[in-house]
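Okay, structure first, notes after.
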Amino acid sequence: QKGRGSKWVILVTGGTGLVGKAIEYVIENEPAGSRFGKRPNEKWIFASSSEADLRDPAQTRKLYEKYQPTHVIHLAALVGGLFKNMKYKLTFLRENILINDNVLHASYEHKTQKLVSCLSTCVFPDKVEYPLTELNIHNGPPHESNFGYAHAKRMVDVQNHAYKEEFGCNFTSAIPTNVFGPHDNYDLEDSHVIPGLIHKCYLAKKNKTPFVVSGTGKPLRQFIYSRDLAKLFIWQLREYDDVEPVILSVGEDEEVSIKEVADAIVKAVGFQGSYTFDTSRADGQYRKPASNKKLLSLIGDFKFTPFEEALNESVKWFLENYNNARI
Ligand code: NDP
């Protein structure tokens, strides 16, 4: 099997975030030597921004000199909700371009054997045929609300191809759908839908106030549990050797409505007060399904955690870590 034998030093940038922490959890908790568990020839390093600010080429180079990574999972990014993306388009564009350029070039200079960078389904064109597939990333402008972030991420795919063609680098990328799980950003103003609603529902229970969900609850989304996504990243690092990206997602038939999300949160939090939908608030797109056909055709057998089970684990983590979570 690939990766057995030779020594691997695996650097995870953004190793302290939602996805990075999930990879660390899987590596430590899956049986050693199993498909997703730690292998004896592997050393894993989870880097935070305090260790190296990757917007800075000198700090990036120093990080690579310190660890000499043979393999890199690149997750570090300036990430934010809709509001922040709309307000700070240039900052999202520029900081992510800097981070990605520094990491890709340091990986080239240090002869990193494999680099998997993280994109997002936000990179896809606004006007596009559904389901989204790996083939239509560049076929039209992204939604204007997040064009800074989206263009910076798209450039990673462009650079991966250029590094491969000019220098033969083994660089590739992953495209996850909406992620949730322990260590998420549970901020009320600037979070994604699941952590935001968990926090809101918790406060409604604590303060005995109504739990009001924005919109009709009808839109459908694909959510992936961070610990499932972690396994898919580990698989992609170890077993996938092609420059073309892979969408890492549950299937199109596993879309969940916002109402189903809110129902599951109400149950998991144990909220018994008034629970309503504020239909005067915008819903966003009804659905934007992404296909996981390519992933399934390559990975073979993979079992996603059932949504409710994953949600219960996330709520449990939030309640147990309320004092030190990002809120
Ligand atoms: P988080 O916000 O939870 O974590 C971001 C990570 O990036 C942190 O470890 C942070 O370090 C690090 N980071 C940020 N800026 C810098 C910097 N200048 N230098 C070094 N490190 C930095 O994000 P997620 O885990 O949610 O996201 C991981 C990846 O997944 C990102 O590339 C994101 O675009 C992508 N993604 C996320 C989705 C989601 O739903 N969450 C969906 C699709 C893609 P520190 O905490 O130490 O500051």
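The values are calculated or read from the model by the stated rules, or taken from the named source; none is laboratory data. Owing to the predicted nature of the structure, the values given are computational and were not obtained by experimental measurement. So basically every Cβ, Gly included, is an ideal-geometry build from the backbone, and we count neighbours across all protein chains shown.
Points to keep in mind about this one:
- Applying the condition of being within 25 Å of Asp56 (Cα to Cα) and surrounded by fewer than 19 Cβ atoms within 10 Å (Cβ to Cβ) to segment 7-23 and asking which residue is farthest from the chain's Cα centre (by Cα) yields Val9.
- Screening segment 101-119 for residues that are near the ligand (Cβ under 10 Å from one of its atoms) and in contact (Cβ under 8 Å) with a residue 60 or more places away in the chain and picking the one that is nearest to Glu24 (Cα to Cα) gives Cys118.
- Selection status of Leu98, near the ligand (Cβ under 9 Å from one of its atoms), more than 18 Å from the chain's Cα centre (by Cα) and either in a helix (DSSP H, G or I) or over 23 Å from Tyr186 (Cα atoms) (or both): yes
- Any chance Ser48 is closer than 29 Å to Phe223 by Cβ, polar (S, T, N, Q) and either surrounded by fewer than 16 Cβ atoms within 10 Å (Cβ to Cβ) or free of Cβ contacts under 8 Å to residues at least 12 places away in the same chain (or both): yes
- Restricting segment 124-158 to residues that are of a type in the set (S, T, N, Q) and more than 18 Å from Leu90 (Cβ to Cβ), the residue that is farthest from the chain's Cα centre (by Cα): Asn139
- Restricting segment 24-35 to residues that are surrounded by fewer than 19 Cβ atoms within 10 Å (Cβ to Cβ) and under 19 Å from the mean Cα position of the chain (by Cα), the residue that is farthest from the ligand (Cβ to nearest atom): Tyr25
- Residues in segment 28-80 that are part of a strand (DSSP E or B) and aromatic (Phe, Trp, Tyr): Trp44, Phe46.
- Filter result (more than 17 Å from Glu252 (Cα to Cα) and not in a helix (DSSP H, G or I)) within segment 302-327: Asn321, Tyr322, Asn323, Asn324, Ala325, Arg326, Ile327
- Considering residues of segment 54-84 that are within 11 Å of Val12 (Cα to Cα) and either within 8 Å of the ligand (Cβ to nearest atom) or β-branched (Val, Ile, Thr) (or both) only, the residue surrounded by the fewest Cβ atoms within 10 Å (Cβ to Cβ): His74
- His161 vs. criteria assigned to a helix (DSSP H, G or I), more than 20 Å from the chain's Cα centre (by Cα), in contact (Cβ under 8 Å) with a residue 12 or more places away in the chain and at negative phi: yes
- Candidate set: segment 6-23, residues that are hydroxyl-bearing (Ser, Thr, Tyr) and either over 24 Å from Leu78 (Cβ atoms) or not in a loop (DSSP other than H, G, I, E, B) (or both); chosen: the one farthest from the ligand (Cβ to nearest atom): Ser6
- Qualifying positions in segment 189-210 - closer than 23 Å to Ile224 by Cβ and in contact with a Gly (Cβ under 7 Å, 6 or more places away or on another chain): Asp190, Ser191, His192
- Residue tally, condition at negative phi and not in a helix (DSSP H, G or I), over segment 192-234: 16
- Sole exception among (1) closer than 21 Å to Glu313 by Cβ; (2) away from the ligand (no atom under 16 Å from the Cβ); (3) modelled with pLDDT under 95 for Lys205, by number: (3)
- Per-region count, segment 183-198, residues crowded, with 22+ Cβ neighbours inside 10 Å and either closer than 29 Å to Thr70 by Cα or more than 15 Å from the ligand (Cβ to nearest atom) (or both): 2
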